[in-house]
Structures are given as C-alpha cells and as structure tokens.
1. Return the pairs, sorted by first residue and then second, in which the second residue is part of a helix (DSSP H, G or I), the first residue lies in the stretch 276-287 and is within 17 Å of Gln415 (Cβ to Cβ), the beta carbons are less than 7 Å apart, and the residues are 6+ apart or on different chains.
2. Among the residues of the stretch 292-304, which ones are buried (at least 24 other Cβ atoms within 10 Å of the Cβ) and either among the hydroxyl-bearing types (Ser, Thr, Tyr) or touching a Phe, Trp or Tyr at 6+ places or on another chain (Cβ under 6 Å) (or both)?
3. Consider the stretch 583-592. How many of its residues are in contact (Cβ under 8 Å) with a residue 40 or more places away in the chain and in a strand (DSSP E or B)?
4. If Lys528 meets every condition in (1) at pLDDT below 85; (2) crowded, with 19+ Cβ neighbours inside 10 Å; (3) part of a strand (DSSP E or B) apart from one, which number is that one?
5. One residue is enough: does the stretch 193-201 have a residue meeting the conditions crowded, with 19+ Cβ neighbours inside 10 Å, more than 21 Å from Glu459 (Cα to Cα) and small (Gly, Ala, Ser)?
6. Looking for something modelled with pLDDT under 80 and of a type in the set (D, E, K, R) - is there at least one such residue anywhere in the stretch 491-510?
7. Taking the stretch 378-413 as the search range and keeping residues that are touching a Cys at 6+ places or on another chain (Cβ under 8 Å) and outside any loop (DSSP other than H, G, I, E, B), which one is modelled with the highest pLDDT?
8. For the stretch 82-103, give me the residue count where each residue is modelled with pLDDT of 95 or more and not in a helix (DSSP H, G or I).
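The values are calculated or read from the model by the stated rules, or taken from the named source; none is laboratory data. Because the structure is a prediction, the values reported are computed rather than measured. All Cβ positions, glycine included, derive from the backbone under ideal geometry; neighbour counts span all protein chains shown.
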Amino acid sequence: MKRALFGERSMDIADFLKWINSLQGDVTEHRIIPAREASFGEWPDISPELVSALKRRGIERLFSHQASAAALGAAHRDFVAVTPTASGKTLCYNAPVLNAIMKSPSSRAIYLFPTKALSQDQMSELHALIDETGLDVRTHTYDGDTPGDVRTKVRRSGHIVITNPDMLHTGILPHHTKWKDLFENLEYVVIDELHTYKGIYGSHLALILRRLLRICEFYGSNPSFICCSATISNPAELAEALTGRKMELVAENGAPSCERHIIFYNPPIVNRQLGIRRPSIFETARIAIEAVTNGIRTIVFSRSRINVELLLKYIQDAAAAKRIPPERIAGYRGGYLPSERRAIESGLRNGDIHCVVSTNALELGVDIGSLELAVLHGYPGSVASAWQQMGRAGRRAEGGISAAVMVASSTQMDQFLSMNPSYFFGASPERARINPSNPYIQIGHVKCSAFELPFSAGEKFGGEEVDEALDFLERSDVLHKTQGRYFWQEDSYPAASLSLRSATSENFVIHDVTDVSKPAVIGQMDRKTAPTLIFPQAIYFHAGEPYQVQELDHEKMRCYVKKADVDYYTDGDAAARIEVLDEMERGEKTGWGEVLLAVRPTIYKKIKLRTHENVGYGHIHLPEEQMHTTAFWLSLDEEHLPPPDRESGKNQSLYGLANLVRGIAPLYLMCDRTDIIVKGHERDPHFRKPTLFVADNVPGGIGLAEALYDLGMGLFSSCLDAAANCKCSWGCPACIGAAVSDSGEKKDVIDLLRRITNRR
C-alpha cells in the first residue's frame with residue numbers, strides 16, 4: 001500500500017474501513033448509520049431582531065428540536081433537550097435567554113458547564129451571536145481562571161454568567177450579597193451536558209441547586225431551568241431529580257447527519273486456551289498510526305491518564321519515523337495547563353493538529369473542528385459516553401462519511417459488548433442515578449446553606465425536612481439556635497472543605513519533595529481511591545512524569561513523592577469485607593439494605609510501561625478503611641453451587657460469578673467499575689448461605705444497590721449471555737476471570753447462572 005506523505009491522502013475513510021476489516025482481529029460489528037436529512041420547525045415567538053441575527057449567522061430555519069426548545073424556553077417552561085452531539089443544542093438555550101434580555105435588559109442567566117474548556121468554547125459562540133445582534137449583552141466566564149478585575153465586572157453587570165458547579169458552590173452562592181443584581185433578576189439557569197451529573201457529582205449538584213433556589217427565593221426571583229443532555233434512558237427523571245422541578249422533554253432530533261460507520265474491533269487472540277488477546281493499547285495505537293499516516297484526521301479516546309500518555313508516545317514515535325512532525329499529534333487530559341489545552345483546541349480547529357489522544361475531557365461538546373475518525377481504546381463506561389466520543393468525528397461532515405472504531409479491551413464489559421452489540425445499539429439500558437438524600441453529602445450542603453442564609457425551624461431544604469441535621473449541627477457548635485432560627489457561628493468557610501467529587505471532604509494532598517528545599521504541591525486524591533494508588537513505594541504519574549511515593553501521613557492527609565526514573569507503573573489490589581446491618585427490601589433470592597463495607601489494601605504489581613509485563617510485586621501495609629453504605633445481594637442455596645475446588649478449597653463458581661457481575665453491572669448502572677465493590681461469601685454470617693454482594697463504594701450509598709434490586713434477574717441474564725458467548729475454553733479475563741484449573745469452572749458458572757435465572 002502506498003504511504004502518504006504528511007498532508008497528502010493515499011487512503012480515504014472508505015479504504016481505511018476496508019483495511020480495518022482485513023486485520024487479524026475480529027470485526028464483530030460493522031454497522032452503517034445512514035445519512036439523515038434535516039427536519040425543521042417554525043420560528044417561535046421570539047424577537048424579530050434575534051431572528052434576523054440568526055439568519056445573518058446562516059441559520060435560515062431552526063431544526064425541529066431547536067424550535068420546540070426555543071418556544072418552551074421563551075414561555076419560561078422548564079425542559080430538557082436530549083439529542084446527539086453536534087445537533088445544535090446550544091441554540092436551545094441561547095435563543096430564549098437572549099430573547100429575554102432583548103425584551104428586558106435587566107434579565108440575567110447562569111450557564112453551568114461541567115468543564116472550563118466547554119465554558120470557554122460556548123462563550124466564544126455566544127459572543128459571536130451577541131455581536132451579530134448589535135446589543136450590549138455582557139457575558140463572561142466566571143471560574144478559577146478569571147482575572148480579578150474581570151470578576152468584579154461580571155458580578156456587577158454580567159447578563160449571562162458562564163460558570164461550573166464548583167465555582168457556583170464555592171465562589172458565588174457563599175458570596176450572594178455581592179451578586180444581588182444577578183439573583184434579583186435571575187430568569188434562567190442553563191445546565192448543559194446533563195448526563196455527566198450522575199453518582200456523587202450529580203448528588204452534589206442537586207443540593208447546590210437547592211441552595212441556589214433558596215437564595216433566589218430570598219431575593220424574590222424564580223428562574224426557569226433549561227437542561228441539555230446526551231442520550232440516556234431517564235433524562236427527564238434525572239433533570240427533575242437535579243432541579244426539583246417537573247420537566248418537559250424534547251427528544252426528537254431534527255439535525256442532519258452524514259453517513260457514519262461504527263466498527264467494534266476485538267484484538268487477535270494470541271492464546272486461545274487462556275482466552276488471551278493482543279493488548280488493546282497496541283491495537284489502538286496501530287489503528288491510529290495507520291489513520292494518521294494516511295492523512296485521516298483522528299481523535300483517540302482512552303479512559304486513563306497513563307494510557308493517554310502511552311498512546312501519545314507510541315503514535316508520535318511511529319509518526320516521526322514516517323516524517324510526520326510529532327507536534328501534529330497532541331495529548332489532551334486533566335493536568336495540562338489551561339493555555340496548553342486552549343492551544344490544542346485551536347490547533348484542532350485550524351488544522352495544525354491532525355491527531356489528538358484524550359481522556360473523556362474532549363468527550364463533551366467543545367468545538368474541535370472537523371475530524372473524520374474516532375478511535376475508542378475500550379468501552380468508556382456508558383452508552384452515552386460512547387456515543388458522545390463516536391460523535392466527535394463527522395461533526396461538520398456534509399456528504400461523505402465518518403467512522404468510529406471501538407477497540408475492545410480484555411475486560412468483561414468490553415468483551416460482552418463485542419459479542420453482544422445489540423446491547424449497545426439497542427435502547428440505552430443505563431440510567432443516570434443520583435441520591436441527594438445521602439446523609440454524608442446532604443449535611444455538608446445544609447452547612448453551606450446555613451452559612452449563606454439562616455434556617456428557620458421546620459424549613460424544608462429541597463422539599464426534605466432537615467431539622468434533625470440542624471439540631472445535630474447545633475449540638476456540634478456549628479450553628480446557634482435562637483428564636484426558632486439557626487445561625488452560622490463557626491469561623492470556618494464550609495464550601496471550601498466540601499469536595500464535589502466525593503461524599504466526604506477528606507483528600508490526600510500530594511507533595512513533591514524531590515528537592516527538599518523547595519517542596520511543591522502537585523495534586524490531591526480522594527480517600528476512597530488513594531489506598532491502591534498512593535501507598536508507600538507506589539509509582540504516581542503527574543503530567544507524564546513518574547514519581548515514587550515516599551511516605552503517607554494519614555493524620556495530616558499528606559502524601560510525599562519524589563521523581564523516579566522507572567519504566568513501570570504500579571497497580572494495587574484490596575480485600576473487602578461486607579457485613580449486613582439492616583435489610584431494606586427482600587425478595588425470593590435477592591435483597592438490598594445497609595451494610596458495613598471494610599476495605600484493606602493487600603498487594604501491588606509492577607507492570608512494564610511498554611510491554612505490560614508483570615515484573616514484580618510487593619505488599620501494601622495500610623490500615624483497613626470502613627464505611628456504612630448500601631448493598632444488593634443474591635442469596636443461594638447450598639445445592640446451587642458445585643463442590644469446592646480440591647486444591648484451593650474455594651468455591652470457584654461463586655468467584656467466577658462475582659467477576660462477571662463486576663464487569664457487567666456498570667453497563668446497567670451508568671457508573672464506573674470503581675463505584676461498586678463485588679464480594680462473594682461462601683457462607684455469609686447473616687444469611688447462613690452462599691451470598692453475592694454488590695455494594696455502593698460510597699459512604700451512605702448513591703442508589704446503585706436499589707437499582708440492581710429493581711433490575712432483578714436482568715443482571716444475571718446478561719452475565720449468562722456474556723459467559724456463554726465467550727470463546728475461551730475454561731475461563732478468561734473477559735468472562736469469569738482466569739481459571740485456576742481446567743476442571744470445568746466456566747461450565748459450573750454457566751450452570752449456576754441457568755439455575756439462578758431459570759434459563760436453559
């Protein structure tokens with residue numbers, strides 16, 4: 001095949017897809033999504049000047065979903081718009097907000113975006129439309145990168161404040177007296193990328209919005225909510241849980257799209273008996289290198305920071321050997337400076353960068369120009385995220401085709417989807433779940449809200465009674481009660497110590513002590529994930545540089561690291577213990593309730609960066625961490641299980657089932673694998689029989705256990721499909737885990753699942 005010099009094309013997307021299908025791995029799905037024509041709606045009752053400005057911007061007609069959304073917004077009705085990426089959702093909120101400001105210059109709006117990059121991108125688009133109207137509509141981002149003099153101007157006269165949940169939480173609500181004009185005249189709150197607000201982060205945002213509405217009520221305003229989301233199965237439910245309002249749903253997409261090809265690619269098997277495939281990171285790099293070499297503009301997604309850095313290194317090295325300037329290929333992830341991220345985004349838009357390797361930081365709607373190919377290194381964890389990442393290619397395609405290739409890793413979820421693509425292409429099975437009633441999260445926001453405004457006895461917070469929490473805070477000398485009102489009396493500033501990414505505020509602060517005369521803080525890590533990542537002797541990566549953990553100070557929550565010249569990374573493991581405290585609901589085989597979850601780190605592996613070989617191990621000596629949370633359980637009769645393994649004495653089928661559930665459950669819960677703990681007890685002390693537990697790995701729980709109970713046997717039916725369709729002989733990482741013998745463990749797990757689900 002003739003190779004292209006940089007900037008030339010010897011292969012178009014159609015030829016590239018033929019090349020993919022010729023590889024030694026398995027193309028388990030090649031689905032063609034036909035191009036679709038646009039469907040349009042009528043202009044709603046908005047300002048003629050705004051309509052004229054939109055037409056001058058090339059928008060002669062609104063897509064049907066834009067027209068419906070703009071009409072609802074102009075009528076001040078709460079709604080959520082759910083359409084694919086690049087379908088013009090921005091206009092769904094810009095049109096009604098600008099229309100309101102045109103009618104009444106005192107009107108104000110808050111735009112909430114999950115990332116600073118998205119805030120900057122949307123501000124640029126909004127400014128362009130404002131300039132076209134010729135009106136004096138003042139808007140600016142208000143986040144950690146905003147200069148001090150600009151912040152003052154935004155507070156005093158900003159019509160549209162573009163910010164993020166973190167800044168609303170710490171920088172706006174606690175200082176609401178400085179934002180009097182905003183809160184007195186607030187007409188709209190816009191929440192974009194709604195689907196990102198799930199789990200703990202979403203639970204925090206729901207409580208932040210309750211604080212916001214409490215302040216709005218104090219100032220006499222009652223804003224409408226406009227939400228936009230990628231496709232999830234419960235967008236209206238999520239929007240209502242976040243805002244506390246009844247939402248109308250706009251879900252019929254009217255935007256056009258080019259022909260799109262979606263390929264699921266499974267790397268070639270290198271050991272059929274053990275079910276071992278070629279590492280997916282190498283196959284991902286190979287596909288990306290082929291695309292870049294042939295002038296196909298590409299985005300590569302990977303879930304972890306270390307894999308982004310590895311893929312970037314592999315692709316840049318291969319490109320340099322083919323006379324492609326390495327600077328044409330960039331990495332993009334958290335930890336990069338804001339100026340670096342802006343330069344990369346600009347380079348993608350103007351064509352200077354031809355390939356970008358990113359975490360999900362570029363999954364959201366930042367304008368990165370016209371790309372032709374998206375390569376996903378493994379399933380990103382949810383159907384919504386996968387479609388978002390795939391949709392980054394072909395955003396501006398008119399005619400022609402775009403493509404996305406998902407390279408399956410060896411995890412159960414990736415292999416299950418590779419063998420069962422209908423689960424992906426069918427209706428989304430996942431639900432975004434939040435739990436604002438989580439006591440660990442709620443009490444932190446009650447404190448913040450009390451700091452902002454005194455509570456009255458009997459006053460509800462987001463519709464829930466909080467007198468018990470207020471009395472507890474009074475007994476703790478945080479609040480002072482007088483004449484039926486609770487007043488803040490501590491010297492502390494509660495929002496500053498409440499992290500939105502965890503249920504508690506305890507984070508390890510990571511200090512670089514390479515030069516002991518100039519120690520520097522380089523990061524932080526929440527307590528939940530720290531034990532298996534920053535234990536003594538662990539390798540911690542920051543901005544592509546490896547550091548070795550020297551010391552962990554649990555009392556002061558500090559981690560001390562030094563730069564290290566190593567070619568490996570570490571991967572820690574932990575043992576879990578679950579004890580049932582209270583049963584909430586119980587069925588014939590399943591139930592859920594409150595449990596004590598205790599986790600103790602055990603060992604770690606050293607893994608080569610380039611070959612992923614295991615080159616050593618060590619023991620982790622850290623104390624056990626305990627939390628009260630919720631768990632789902634499946635109780636089995638003794639006769640359901642085969643006899644224990646003769647060598648290990650363990651019942652391997654129960655552990656094989658746990659491995660399957662660990663991989664498949666996140667598909668339904670729209671959560672990360674680390675959000676749950678799966679544990680099998682061969683004879684549980686509470687139930688006195690074999691029991692499988694799936695616990696929320698969050699203090700207080702966030703609703704995952706209850707969701708699995710509601711799902712019932714659907715989870716185990718999917719586990720049965722995954723195991724039965726796996727091509728390995730005895731067991732592998734893609735199904736029940738690596739078998740310890742060839743004595744029929746996989747068959748035992750399949751038989752067990754058939755008994756559980758009554759399927760034959």
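1. Ile281/Asn307; Ile281/Leu310; Ile281/Leu311; Thr284/Leu311
2. Those that are buried (at least 24 other Cβ atoms within 10 Å of the Cβ) and either among the hydroxyl-bearing types (Ser, Thr, Tyr) or touching a Phe, Trp or Tyr at 6+ places or on another chain (Cβ under 6 Å) (or both): Thr298, Ser302.
3. Let us first name the residues in the stretch 583-592 that are in contact (Cβ under 8 Å) with a residue 40 or more places away in the chain, namely 584-585, 587, 589-592.
Of the ones still in play, those that are also in a strand (DSSP E or B) are 584-585, 590-592.
The number of residues fulfilling the criteria is 5.
4. (3)
5. There is at least one residue in the stretch 193-201 that is crowded, with 19+ Cβ neighbours inside 10 Å, more than 21 Å from Glu459 (Cα to Cα) and small (Gly, Ala, Ser).
6. Start the filter on the stretch 491-510 by keeping residues that are modelled with pLDDT under 80, which leaves 497, 499-507.
Among the residues that remain, those that are also of a type in the set (D, E, K, R) are: 501, 506.
Yes.
7. Checked the stretch 378-413; the qualifying residue modelled with the highest pLDDT is Ser402.
8. Qualifying residue count, the stretch 82-103: 0.
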